[in-house]
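Just below is one structure, and these are the notes that go with it.
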Amino acid sequence: MHFLPECDAVEFGFSEEQLMIQDIARRIAQERIAPSAEHHDRTGEFPLENIRLLGENGLMGIEVPDEYGGAGMDPISYVLAMIEIAAADGAHSTIMSVNNSLFCNGILTHGSEAQKQTYVRAIADGSQIGAFALTEPQSGSDATAMKCRAVRQDDGSFVITGKKSWITSGPVAKYFVLFAMTDPDKGARGITAFLIDGERAGFHRGKTEPKLGIRASATCEIEFDGYVAQPGEVLGEEGQGFKIAMGVLDAGRIGIASQAIGIGRAALDATVAYAKERKAFGQPIGAFQMTQAKIADMRCKLDAALLLTLRAAWLKGQGKRFSAEAAIAKLTASEAAMWITHQALQIHGGMGYSKEMPIERYFRDAKITEIYEGTSEIQRLVIARSETGLR
Ligand code: CAA
């Protein structure tokens, strides 16, 4: 049992730097993002200006070292900043998490110096948007069932053909980390990662998906039709793509757990304020035990999710294995966010169901955290495999 693997002390304090980035994120979240969150949700308009501002303040590449245009901070700082942005608007935090975890993280870990300079810098400073292309119309959880093919040519380049779906930031991204089959006979070991330029011939974007929540984070299908990738655009080694994807998703799950905590915290804060103000049967509804029990359970689930997420982030920062702990954090936090927003809506009654208040948006936004970057079922599979060693 590794409750706190190789950890002989629990430290609950944050460093000055961690609190500083949390403060920067909170200020931007409250002053710039929260006031326009309803507009972005209603129109689905991509919040480009706000994303640029987040980039200028180091929030699009929090763990990216200074020399590649990032903030050079640790995974705990990433958690704290993500929570603040997500509490203001889920969609902004989705764009932020893909740029930070799924795009920059994989290139920092597996990319060459030239790749870091070209791809990471532009995304970390917010001047461009990055995306991650793993899922296909017929393969989501079963990621190795991908059909997108990259065929090596005599000159060492690859010709890519196929479709990827549900690509977050797909309609606006300049660069993509793409996973394609280079050797279908080898299954997971036949997948290779590529760095793709969305402005090059052979790359097409489909229509933007209409979604239940996180509506301002544009999502679309992308298609490759004879796209040519040069040898220098392979990320890591040929055949190493699936492991790169899994490692990147481990880190991504810390980001989605943080997003879920932010959404849940916003719902809890709104509920506490409403329960103190709204009266029924001659007293504030917060004085009724049925409301109090819900509020107490909301707080417990939120704290548990936060501590588990900080544990996973701490392990990552220490360079230790954190796959199972990231899955535990994501599973706990996403289910907490769904439960909390559900109860928040119930306590708000008709007002919770109305678009006059943000509660119904929190409820819609929370749902995606149980689906993307590995469904709750996949998190349980990862956790159970780690516990039992069976597969
Ligand atoms: N880190 C490194 N390597 C890993 C790994 C990890 N976390 N997990 C597995 N691997 C390695 C294994 O060791 C194995 O290597 P060998 O071939 O050397 O033995 C290889 O990868 C294959 O592993 P499995 O046999 O375990 O693979 P599997 O087919 O059983 O699948 C899975 C495992 C956990 C179900 C995986 O497919 C998975 O996580 N699926 C979910 C995919 C997912 O999260 N998709 C989200 C899409 S992205 C998204 O949502 C982005 C967005 O836009 C927001």
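The values are calculated or read from the model by the stated rules, or taken from the named source; none is laboratory data. These figures come from a predicted structure and were not determined experimentally. Note that each Cβ is placed from the backbone with ideal geometry, even for glycine, and that neighbours are counted across all protein chains shown.
General observations
- Whenever a residue of the range 375-386 is more than 7 Å from the ligand (Cβ to nearest atom), its partners that are of a type outside the set (S, T, N, Q) and assigned to a helix (DSSP H, G or I), lying with C-beta atoms within less than 6 angstrom and at least six residues away or across chains, give the pairs 376/331; 379/327; 379/330; 379/331; 383/324; 383/327; 383/328; 386/324.
- Close pairs (6 angstrom Cβ cut-off, 6 or more residues apart or separate chains): closer than 17 Å to residue 249 by Cα in the range 170-193, of a type in the set (Asp, Glu) anywhere: 192/238
- Residues of the range 91-125 that turn out to be more than 12 Å from the ligand (Cβ to nearest atom) and either crowded, with 24+ Cβ neighbours inside 10 Å or part of a helix (DSSP H, G or I) (or both), as a count: 17
- Remark: residue 3 falls outside the filter, which requires a residue to be modelled with pLDDT of 95 or more and either in the same structural domain as residue 171 (by TED's automatic domain parsing) or surrounded by fewer than 17 Cβ atoms within 10 Å (Cβ to Cβ) (or both).
- Criterion: assigned by TED's automatic domain parsing to the domain that holds residue 251, under 25 Å from residue 102 (Cβ atoms) and either of a type in the set (Asp, Glu) or more than 21 Å from the chain's Cα centre (by Cα) (or both) - qualifying residue of 312, 344, 384, 336: 384
- Check on residue 164, crowded, with 17+ Cβ neighbours inside 10 Å, under 24 Å from residue 377 (Cβ atoms) and either in the same structural domain as residue 62 (by TED's automatic domain parsing) or within 16 Å of the ligand (Cβ to nearest atom) (or both): yes
- Output for the range 202-212, where each listed residue is farther than 11 Å from residue 170 by Cβ and either charged (D, E, K, R) or surrounded by 10 or more Cβ atoms within 10 Å (Cβ to Cβ) (or both): 202, 211, 212
- Across the range 140-161, the number of residues qualifying as within 14 Å of the ligand (Cβ to nearest atom) and either assigned by TED's automatic domain parsing to the domain that holds residue 372 or not β-branched (Val, Ile, Thr) (or both) comes to 7.
- On inspection, residue 250 passes the criterion of being closer than 26 Å to residue 101 by Cβ, of a type in the set (Asp, Glu) and buried (at least 22 other Cβ atoms within 10 Å of the Cβ).
- The lone exception for residue 188 - which of (1) near the ligand (Cβ under 10 Å from one of its atoms); (2) under 18 Å from residue 228 (Cα atoms) it fails: (2)
- Single condition residue 167 does not satisfy, out of (1) over 30 Å from residue 32 (Cβ atoms); (2) part of a strand (DSSP E or B): (1)
- Among the residues of the range 264-280, just one is of a type in the set (Asp, Glu) and either loosely packed, with under 12 Cβ neighbours inside 10 Å or modelled with pLDDT under 95 (or both), namely 277.
- Candidate set: the range 126-139, residues that are within 8 Å of the ligand (Cβ to nearest atom) and in a loop (DSSP other than H, G, I, E, B); chosen: the one farthest from residue 246 (Cα to Cα): 135
Residues checked against (1) small (Gly, Ala, Ser); (2) closer than 20 Å to residue 177 by Cα; (3) out of contact with any Phe, Trp or Tyr (no Cβ under 6 Å at 6 or more places or on another chain); (4) in contact (Cβ under 8 Å) with a residue 24 or more places away in the chain:
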{"site": "16", "(1), (2), (3), (4)": "no, no, yes, no"}
{"site": "29", "(1), (2), (3), (4)": "yes, no, yes, yes"}
{"site": "35", "(1), (2), (3), (4)": "no, no, yes, no"}
{"site": "47", "(1), (2), (3), (4)": "no, no, yes, yes"}
{"site": "72", "(1), (2), (3), (4)": "yes, no, yes, no"}
{"site": "99", "(1), (2), (3), (4)": "no, yes, yes, yes"}
{"site": "120", "(1), (2), (3), (4)": "no, yes, no, yes"}
{"site": "123", "(1), (2), (3), (4)": "no, yes, no, yes"}
{"site": "131", "(1), (2), (3), (4)": "yes, yes, no, yes"}
